[in-house]
1. Spot the failing condition for Glu182; the list is (1) more than 11 Å from ligand 2 (Cβ to nearest atom); (2) over 19 Å from Leu252 (Cβ atoms), and only one is missed.
2. Just to be sure, is Arg155 more than 22 Å from Val284 (Cα to Cα), assigned to a loop (DSSP other than H, G, I, E, B), assigned by TED's automatic domain parsing to the domain that holds Ala193 and touching a residue at least 40 places away in the same chain (Cβ under 8 Å)?
3. Which numbered condition trips up Ala138, out of (1) within 18 Å of Ala226 (Cα to Cα); (2) in a strand (DSSP E or B)?
4. Of everything in region 161-179, what is over 21 Å from Phe249 (Cα atoms), surrounded by 20 or more Cβ atoms within 10 Å (Cβ to Cβ) and hydrophobic (A, V, I, L, M, F, W, C)? Give them in sequence order.
5. Name the residues in region 347-389 that are within 24 Å of the chain's Cα centre (by Cα) and in a strand (DSSP E or B), would you?
6. Can you tell me which residues in region 216-241 are under 16 Å from Ala251 (Cα atoms), within 15 Å of ligand 2 (Cβ to nearest atom) and assigned to a loop (DSSP other than H, G, I, E, B)?
7. Of a type in the set (Gly, Ala, Ser), under 21 Å from Ala251 (Cβ atoms) and modelled with pLDDT of 95 or more, is that true of Ser361?
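The values are calculated or read from the model by the stated rules, or taken from the named source; none is laboratory data. Bear in mind the structure is a predicted one, so any value in this text is a computation, not a measurement. Here the Cβ positions follow ideal geometry from the backbone for every residue, glycine too, while neighbour counts run over all protein chains shown.
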Amino acid sequence: MGIKQKGRTLTLALGIGAAAVIAALLIWLFSVPGTRGLYRWGYAAPFLAFIGLGLFAPALALGLVALQRSRPASGGAFKRLRLFSRSVSIVALLAGLGAGAFILSNAYGPRAPAELRPTLPDPGKDLTHPAGRLLRVALSSDPHVDRDISNHAARAAILSRAQAEYEGGELDAFFILGDFVEQGFLASGWERALGELRELAPSLPFYMLLGNHDAMLGGSRRWLAAMAPTNYARHSPYMWRLDAGRIHFLALDLPWGPEDLSHREKAWLETQLSGIAAEDITIVLSHAFFYSSGYVDEGTGKAWYDHEDNLRLIAPLLAGRADIVISGHNHYMEWIESGGTAWAVIGAMGGKPDPEPSYRSPGSQWFARERYGRLVLEELPEGLRCAFESHEGERLFERVIAYR
Ligand SMILES: [Fe+2]
Ligand SMILES: [Fe+2]
């Protein structure tokens with residue numbers, strides 16, 4: 001092989017190598033939960049930069065090699081072009097390898113062992129409660145435990161109160177609707193979350209949902225190890241049904257919105273909804289909200305209120321079937337009534353309060369910001385009492401959903 005031929009091979013190898021590394025990283029990222037949502041919700045710039053680099057580097061190298069073949073007598077200008085092409089390829093290669101090594105070494109680092117998991121019952125088994133009283137459960141969402149500015153005292157109070165009630169036979173389970181941690185691919189947040197649950201709520205049964213922050217950059221692997229329900233393989237780990245007598249819970253896979261929802265998951269939801277007796281109470285759980293008051297995000301320009309995709313694609317399936325849809329994602333407490341269904345937001349487990357809303361959802365009946373707490377669901381002979389409580393136990397707002 002001549003010197004010129006070797007030079008051409010090196011130029012091409014660098015360009016194609018850079019494209020291959022970037023393509024592999026992007027394929028992996030878009031195959032794990034949450035990345036499509038991240039892209040859709042205003043964080044496309046780094047992905048587009050990588051796509052641009054991954055296309056530009058090999059195109060430049062190929063163009064240069066074709067030019068050299070057609071005009072073998074190359075001069076100084078050609079040498080400068082070749083240096084530029086190789087430099088672009090090396091930058092693209094290092095960027096792809098660096099980002100890939102950082103993300104993958106974190107996402108695939110050692111996970112918390114199974115014995116550190118909190119009590120995570122199998123949703124396929126009915127939720128039972130002591131004889132002589134009816135069901136009573138609590139829900140909250142968005143603790144963001146490893147973020148400095150989260151309200152750690154409020155979160156601790158919510159967990160300790162629930163554990164004490166469970167020990168006293170007054171509470172059957174606690175549901176956390178996602179965003180337990182800030183950056184799901186980092187081990188540190190999960191270690192803190194699991195340590196806190198062991199300390200403050202060692203025996204309280206938890207049912208968990210995956211939030212967009214939990215899923216961040218391959219975080220679903222850590223979530224599966226730490227928070228997924230026992231025996232989830234029978235359903236999706238992110239979509240499950242839990243029955244408690246005449247009350248039924250359906251958890252949906254909507255960390256950002258419906259980006260990751262598969263046809264199979266959607267068909268499963270339709271089957272479950274049509275299998276529940278109309279006179280029973282159906283409670284739908286989701287990380288991303290449907291109706292919510294909110295604001296336009298300054299950085300991304302996206303509307304964080306009345307979720308367009310969820311309302312257009314998923315809400316019609318729930319119409320007339322779900323009695324109440326409960327979510328987090330927006331860090332508020334809110335009670336909305338619309339289309340014969342109640343829509344509750346309970347993103348109040350300690351995550352930084354979201355901005356003062358510039359938009360009020362038309363069906364909003366009650367709204368609270370900068371309050372922390374939980375939503376308590378209490379079965380009554382006539383229906384279900386839904387009560388918002390502060391982390392100190394103060395009753396803030398309540399409504400009763402009657403059996404039909
Ligand atoms: Fe959140
Ligand atoms: Fe969220």
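1. All conditions are met except number (1).
2. no
3. (1)
4. none
5. If the condition is that a residue be within 24 Å of the chain's Cα centre (by Cα) and in a strand (DSSP E or B), then Tyr359, Phe367, Ala368, Gly373, Arg374, Leu375, Val376, Leu377, Phe388 are the ones that fit.
6. Those that are under 16 Å from Ala251 (Cα atoms), within 15 Å of ligand 2 (Cβ to nearest atom) and assigned to a loop (DSSP other than H, G, I, E, B): Met227, Tyr238.
7. no
Residues checked against (1) under 20 Å from the mean Cα position of the chain (by Cα); (2) touching a residue at least 24 places away in the same chain (Cβ under 8 Å); (3) assigned by TED's automatic domain parsing to the domain that holds Leu81:
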residue	(1), (2), (3)
Ala13	no, no, yes
Ala19	no, yes, yes
Ile22	no, yes, yes
Trp28	yes, yes, yes
Gly37	yes, yes, yes
Trp41	yes, yes, yes
